[in-house]
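Working notes, beginning with the structure itself.
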Amino acid sequence: MKRILALRHWALAAGLVVGTALLVALVFVLLPVPLEQPSSLGIALTDRFGVPLRVARAADGSRSDWVTIDEIDPRLIQAFLASEDRRFYSHIGVDPRAAGRAVLQAVRKGRIVSGASTITMQLARLLRGRTLTKPGQVLWALRLELHWSKRDILEQYLNRVPLGQGAIGVGSAAALYFGASASQLSLGQAAMLAGLASSPSASNPIASPERAAARRAHALRRMAALGYVTGDDVARSLAEPLRPRSAGAVFHAPHFTTHLLGSIAGAGRARALRTSVDLGLQAELEAEVRHTVSLLAGSNVREGAAVVLDNRSGEVLAWVGSPDFWSDTAGQVDMVVSPRQPGSALKPFLYAAAFDRGYTPASILPDEPRTYHTASGPYQPRNYDRLWHGPTRAREALASSFNVPAVELTNQIGPGTLLRVLRDAGFESLRGGWERYGLGLALGNGDVSLLELANAYRGLVSGGVWMPVRLDAQDARDARDAQDAQDAQDAQDAQDGRRFVSQGAAFLVLDILSDPVARIPGFGEQTPFVFTFPAAVKTGTSHHFTDNWAVGVTGAFTVAVWVGNFSGRPMRRVSGVTGAGPLLHRSMLAVSRRYDPGVLPLPAEAGAVQARICRTTGELAGDRCPYTDEWFMPGTAPASRCGEHGPGFDPPPSSRFAITSPRHGDRYAIPPGTDPRFATIRLAADGDRAIAWWIDDRPVGSERWALVPGTHRVRAVSASGHSAEVTIHVD
């Protein structure tokens, strides 16, 4: 009797233990499991259109690129189901049939032949760690199946499964082995990835192509057995090469992606980032930089760089730091962000600062020998052409990039004032005090970066307001519509912006830099700075000819380029016209083929008005003055009329140079039914022979011009250098 009672007590105790265990297990299974992504994801970078640029390893050294279930090729999902868990959709996390088969095989063979882990059990182990026991995997699998959908479980598993060479998930594995995305795989590639799940380290195609081929064949046979594919599909897939010849880790825009990854290190790891770069444009500019360096090799030019900014958003559209990132001679030096001396490329900011302090484009500046006594000794600036040009209007001094007037202007407004304007314009590389740079600051004796230069010129188009650049792309899909996204960005820009010159000063500078006639005294008539669209252009060359820069600005984008030598060795026979200029020209055309250049803002948009002035004195033109029309901000136009060419002066005919056809204010219309090619007007001038005609700052090669609807500015330049201008309208 006692024995029976003891057995009952033991049975009751055992029942309590088992019941308690079952209750604990039930409570555990009933606890919810929140969906989450790994905390140690790598960063997948794409261009602005979603094209992969680069996948960076996570902090633990793994490659990971999270993709949604909708972004995964259905055949890839079928391959994993066939290889790992063919009854995935019918079990509850544990497959009793697979478990029974595994036990029988183990009994017959005396060893474990096959496992019984379902995809859900494998996911439990991936989530909880390799030390999770089989009972633990079972409980976790039941819990996951209770709280997650099959779709969620598949997405989590396919993004967490190790697939060799540090690749975590099908997204990073597809990029690593095939240079493709998880949505663009062939059947053979899908089968190979699925085959790696059971032996990722030893059977991947990099470690062992033979074993990888065997795993692929095994997965294909299982897919055929389940009716996912046909025998012909299997045969074709087995004939595929394991990896494309060009396969490998995607690594485009190397300098840009390296800089971007460095800027977000430690700032939180994003699973994916759509960058601002346009990969097609990036590739084209990389080719242009290499081509330019090849052409200039005889002039001792070894390196080049380029950067393109979207003016409105500040997005970087292209970033080329060197001709060859993989070159063993400092190819990974990034000249987009490496400070060097910009030469005359800083002059526009000097003139803008001067315009805000009472100077105008008509101000007469001295271009004559002059000595300045500085803390470091006497300073005697010289022009690039080694000539003196006498009294020169500010418009021509800037457009022709004369050095001597720029130094005098710096002396007048003060190098400290100029340095403050430059820093407000974003030139953070100028870290020294104004005493360090002195009067040579206007000539670019301080180091700045190409990115700073491009963004400062972009600030001129923005009306004299500096705003930060963006390395990530704006995504209107995250807002209710595109306008909402743009309004939000404009508000952010207004908050982040910093004014460095007035809108009027900025627009006057752009008008001067887009004036091809004012550029003639310094560069001649034939330059690489003439485009079929309005553009403002400036060049710069460092003192020892080690750096050559050029910047082009349109209404929509800014392009800045550099050529030179990382080593500091001087170039030979290279100027802005022959060095960086041609690279800028080709780069601007490349950008314009992809993005509408838009129109540059006119000074009138900032309230400027035009007045007719004497070309010689800068005062209001008299009846006999050689004249030109100039822009002035309200209250800055000259008050006095020129007296140099008064009644006692008998001017030569060239002084009365004027356009006779068309006349100022003329209106034209293209006759209905007329071929636009034959609807032309005559271009004619009196007083001197006109040697050049310009319509809207674009050269016209003949004395007939085909009408184009709109308002147009017609300019003629005489053989003596005089100019005249009229405005017409075509309906």
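The values are calculated or read from the model by the stated rules, or taken from the named source; none is laboratory data. Predicted, not measured: the structure shown is a model, and the values here were computed from it. Note: ideal-geometry Cβ built from the backbone for every residue, glycine included; neighbour counts use all protein chains shown.
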Problem - Out of Phe349, Phe325, sole residue that is touching a helix residue (DSSP H, G or I) at 6+ places or on another chain (Cβ under 7 Å) and within 30 Å of Leu508 (Cα to Cα) - result: Phe349
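Here is a yes/no grid of residues against (1) closer than 30 Å to Arg641 by Cα; (2) of a type in the set (Ser, Thr, Tyr):
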| residue | (1), (2) |
| --- | --- |
| Asn548 | no, no |
| Ser567 | no, yes |
| Val577 | no, no |
| Met588 | no, no |
| Arg593 | no, no |
| Gly598 | no, no |
| Glu605 | yes, no |
| Ala608 | yes, no |
Exercise for the section: For residues that are surrounded by fewer than 17 Cβ atoms within 10 Å (Cβ to Cβ) and among the polar types (S, T, N, Q), scanning just segment 482-541, find the one that is modelled with the lowest pLDDT. Expected result: Gln483
Exercise for the section: Among the residues of segment 623-634, write down those that are surrounded by fewer than 17 Cβ atoms within 10 Å (Cβ to Cβ) and modelled with pLDDT of 90 or more. Expected result: Pro634
Practice task
Please verify whether segment 400-414 includes one or more residues that are in the same structural domain as Gly540 (by TED's automatic domain parsing), in contact with a Phe, Trp or Tyr (Cβ under 6 Å, 6 or more places away or on another chain), among the polar types (S, T, N, Q) and part of a loop (DSSP other than H, G, I, E, B).
Solution key: no
Completion exercise
Restricting attention to segment 709-731, the residues that are touching a helix residue (DSSP H, G or I) at 6+ places or on another chain (Cβ under 8 Å) and at pLDDT 85 or above number exactly 1
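I'd like to verify a number: residues in segment 274-291 that are of a type in the set (Val, Ile, Thr) and modelled with pLDDT of 95 or more, how many?
Here the count works out to 2.
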Problem - Some residue of segment 372-379 being more than 30 Å from Arg498 (Cβ to Cβ), in contact with a Lys or Arg (Cβ under 9 Å, 6 or more places away or on another chain) and in a loop (DSSP other than H, G, I, E, B) - result: no
Completion exercise
The residue that is farthest from Ala550 (Cα to Cα), considering only those in segment 275-312 that are within 9 Å of the chain's Cα centre (by Cα) and acidic (Asp, Glu), is Asp278
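Of all residues in segment 576-625, count the ones that are under 30 Å from Asn300 (Cβ atoms) and part of a helix (DSSP H, G or I).
The first filter runs over segment 576-625 and keeps only residues under 30 Å from Asn300 (Cβ atoms), leaving 576-591.
If we keep only those that are part of a helix (DSSP H, G or I) as well, we get 580-591.
Result for segment 576-625: 12.
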Handout entry: Ser322 vs. criteria part of a helix (DSSP H, G or I) and either crowded, with 21+ Cβ neighbours inside 10 Å or of a type in the set (A, V, I, L, M, F, W, C) (or both)
Key = no
Handout entry: Inter-residue pairs, beta-carbon under 9 Å, first over 19 Å from Leu220 (Cβ atoms) and in segment 79-95, second assigned to a loop (DSSP other than H, G, I, E, B) and β-branched (Val, Ile, Thr), 6+ apart
Key = Arg87/Thr118; His91/Thr118; Gly93/Thr118; Val94/Thr118; Asp95/Thr118
Fill in the blank from the handout: When Val113 is run through (1) over 26 Å from Leu154 (Cβ atoms); (2) at pLDDT 60 or above; (3) not small (Gly, Ala, Ser), the failure sits at (2)
Problem - Among (1) part of a loop (DSSP other than H, G, I, E, B); (2) without any contact (Cβ under 8 Å) to a residue 60 or more places away in the chain - the single one Ala202 does not satisfy - result: (1)
Practice task
Name the residue, out of Ser327, Ser363, Ser313, that is closer than 22 Å to Arg593 by Cβ, polar (S, T, N, Q) and surrounded by fewer than 24 Cβ atoms within 10 Å (Cβ to Cβ).
Solution key: Ser313
Practice task
Output the residues belonging to segment 361-384 that are under 13 Å from Leu439 (Cβ atoms) and among the hydrophobic types (A, V, I, L, M, F, W, C).
Solution key: Ala375
Exercise for the section: Could you please let me know if Ala173 is at pLDDT 80 or above, buried (at least 16 other Cβ atoms within 10 Å of the Cβ) and assigned to a helix (DSSP H, G or I)? Expected result: yes
Problem - Candidate set from segment 386-400 (those that are under 41 Å from the mean Cα position of the chain (by Cα) and loosely packed, with under 14 Cβ neighbours inside 10 Å); member that is nearest to Ala639 (Cα to Cα) - result: Leu387
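Filter segment 548-575 for residues that are in a loop (DSSP other than H, G, I, E, B), farther than 26 Å from Phe507 by Cβ and of a type in the set (Gly, Ala, Ser) and give the result.
Our first condition is that a residue be in a loop (DSSP other than H, G, I, E, B); within segment 548-575, this holds for 554-556, 565-575.
Okay, now just the ones that are also farther than 26 Å from Phe507 by Cβ, so 565-575.
Within segment 548-575, Ser567, Gly568, Ser575 meet the criteria.
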Problem - Filtered residues of segment 270-319 (kept if among the charged types (D, E, K, R), closer than 15 Å to Met335 by Cα and not in a loop (DSSP other than H, G, I, E, B)) - result: Glu286, Arg290, Glu303
